[in-house]
Amino acid sequence: MPETPEQSAADRFDTVLIANRGEIAARIQRACRELGLKTVAICSEADRQAPYGKTADSFLCIGPSTAAKSYLNQDAILLAARLAGAGAIHPGYGFLSENAAFADAVEKAGLTFIGPTASSIATMGDKISAKRAMMMAGVPCVPGPDTALPDEPATIERIALEIGYPVIIKAAGGGGGRGMRVVPKADLLHEAIALTREEARKAFGSPSLYMEKFLEHPRHIEIQVICDDHGNAVWLGHRDCSMQRRHQKVVEEAPAAGIAPDIIQPVGLACAEACLQIGYRGVGTFEFLYEDGAFYFIEMNTRLQVEHPVTELTSGVDIVQAQIRAAQGHVLDLTQGDVTCEGHSFECRINAEDPETFLPSAGVVTHLALPAGPGIRVDTHIHAGYKVSPYYDSLIAKLIVHAPTRAEAMARMREALAGTEVEGISTNIPFLRALFEDGAFAQGETDIHYLEQWLKLRRAA
Ligand code: MV4
């Protein structure tokens with residue numbers, strides 16, 4: 001009798017190594033345990049006291065505090081997986097999560113990489129091939145060619161005129177705000193290209209560039225997808241992540257305010273369809289700019305994202321469990337018709353940082369009070385006595401709320417923020433409290449530039 005996918009899935013792995021740290025290591029461990037899987041936690045020397053180390057089935061220190069020598073050390077992670085008997089590696093977000101060579105090395109070691117194939121990661125890592133794949137799949141993209149800029153100045157000038165100024169020059173190896181330059185008018189075109197090309201060569205090892213229409217006041221809307229290995233893909237709704245500073249998101253929400261379901265639905269369906277066309281597996285996020293009622297694809301993230309909880313609360317789907325089950329080879333246990341969006345959710349990223357300079361604030365948390373109650377969720381790894389180290393990202397907790405309406409969710413977040421106390425280090429909590437009193441934010445009238453403008457005004461006042 002041939003084995004069904006469900007029969008073989010259970011055998012694929014029973015132990016997961018979590019190749020990450022902080023709140024997401026704790027989050028992934030919880031999902032694994034709920035699925036009956038054993039866990040291997042790893043740490044750097046700075047993270048030996050991590051609470052998720054104590055609750056894991058194995059806990060291995062894999063290197064010094066510097067991420068390059070621990071959380072980014074592929075050989076050390078693969079060795080730890082072998083020593084601890086892990087059959088799969090979950091990369092979390094950041095670190096090695098979008099490294100195609102690592103995904104490939106994991107599979108070559110006979111382990112399962114909990115994420116898409118190395119080939120999907122590579123396609124989406126090159127922003128030009130990502131755009132080409134999406135244009136071919138019928139996903140709406142920003143106007144501009146899905147090919148690298150040629151060398152001939154006259155041809156480049158023609159492309160820019162065809163698109164219409166202002167245009168933006170982006171590096172194929174960039175993404176997340178790195179390696180891009182806006183060109184307001186024709187006489188600045190060639191200099192902008194030369195500068196961006198040099199930066200791209202240095203930063204990404206590739207001088208490849210592309211050009212797009214520059215959208216001046218868009219919102220950042222993203223669509224969450226989940227796919228299995230058996231030709232099933234669904235989208236789980238959308239999020240607004242416009243509230244950011246220097247490409248670091250600060251507040252995210254689901255669904256996006258004021259975008260009618262019948263406007264977003266064709267875009268979500270196109271994303272799910274695109275996943276089938278490219279043979280995508282696991283969770284992914286399509287990033288769009290949204291301006292004047294239209295959506296324009298910019299990038300796809302091939303990892304679990306920081307802000308996944310707002311979609312979990314509105315869709316009722318445990319995205320981390322679904323991701324692990326997809327990697328095991330299970331058939332997706334939900335169809336598009338099962339997916340709903342209930343109520344409204346916000347997430348605040350609580351960062352250990354100086355409120356004026358935004359520089360990371362390290363030290364011991366001397367006192368911690370976390371909010372609780374209906375519709376309140378806190379994803380964190382910290383506790384009173386925890387030492388926040390200066391080596392890593394400053395994210396120490398995510399405060400997530402859910403309520404029937406956007407206004408109620410905002411009120412719930414105000415209460416949750418009022419009930420959050422972190423002492424011993426500086427955090428952005430005072431700033432988040434002020435933001436949730438802002439009138440334009442309450443009206444949903446914000447774009448990707450809003451937060452930086454708000455901060456400027458606040459400093460001036
Ligand atoms: C753009 C854009 C305007 N027009 N592309 C920045 C991060 C990277 N993911 C793409 N980014 C942008 N691409 C075109 N054609 C404006 C941005 C942008 C941005 C996008 C999303 C969230 C915040 C942002 C902040 C500044 C610029």
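Brief remarks on what is shown
- Largest first, the residues Arg239, Arg433, Arg281 sort by 1.4 Å accessible area into Arg433, Arg281, Arg239.
- The count of lysine pairs in the chain with alpha-carbon distances below 21 Å, taking only pairs 8 or more places apart or on different chains, stands at 17.
- Take Glu34: with every protein chain present and a 1.4 Å probe, its accessible area is about 110 Å².
- Under conditions of 10 °C and 1.306 mPa s, the chain yields 69 µm² s⁻¹ as its translational diffusion coefficient, taking Rh as the Kirkwood radius over Cα pairs in the Stokes-Einstein equation.
- Where only DSSP H runs of four or more residues are counted, the chain gives -10500 deg cm²/dmol as its mean residue ellipticity at 222 nm, each run worth -39500 (n - 2.57).
- The chain, relative contact order [Cα under 8 Å, separation at least 6], %: 14
- Solvent exposure of the chain as accessible area per residue, Å², 1.4 Å probe: 41
- Once C-alpha pairs closer than 8 Å and six or more residues apart are averaged by separation and normalised to the residue number of region 5-114, the relative contact order reads 28 percent.
- Alpha-carbon geometry of region 6-119: the Rg and the Dmax are 12.9, 42 Å, given in that order.
- Rounded if a/c under 1.5, otherwise prolate or oblate - region 326-461, Cα gyration tensor axes: oblate
- Separation between Cα centres of region 369-430 and region 324-340, rounded to whole Å: 30
- The Cα atoms of region 143-213 cover 28, 23, 20 Å along the three principal axes, with the biggest extent listed first.
- Where only C-alpha atoms are counted, convex hull volume of region 99-223 per residue in Å³: 119
- Counting every C-alpha pair in region 219-460, the share spaced more than 33 angstrom apart comes to 19%.
- Surface composition of the chain: carbon plus sulfur atoms contribute 53% of the solvent-accessible area (1.4 Å probe, protein chains only, all chains present).
- The residue list Ala186, Leu83, Ala148 was ranked by how far each Cα lies along the charge dipole of the chain toward its positive end, using unit charges on Cβ atoms, and Leu83 comes out on top.
The values are calculated or read from the model by the stated rules, or taken from the named source; none is laboratory data. Note that the coordinates shown come from a computational prediction; the quantities given were computed from them, not determined experimentally. When we count neighbours, we look across all protein chains shown, and the Cβ atoms used for this are built from the backbone with ideal geometry, even at glycine. The protein model used for the area step is the full one, side chains on, heavy atoms only, and it has no ligands, DNA or RNA in it. Shrake-Rupley method; radii C 1.70, N 1.55, O 1.52, S 1.80 Å.
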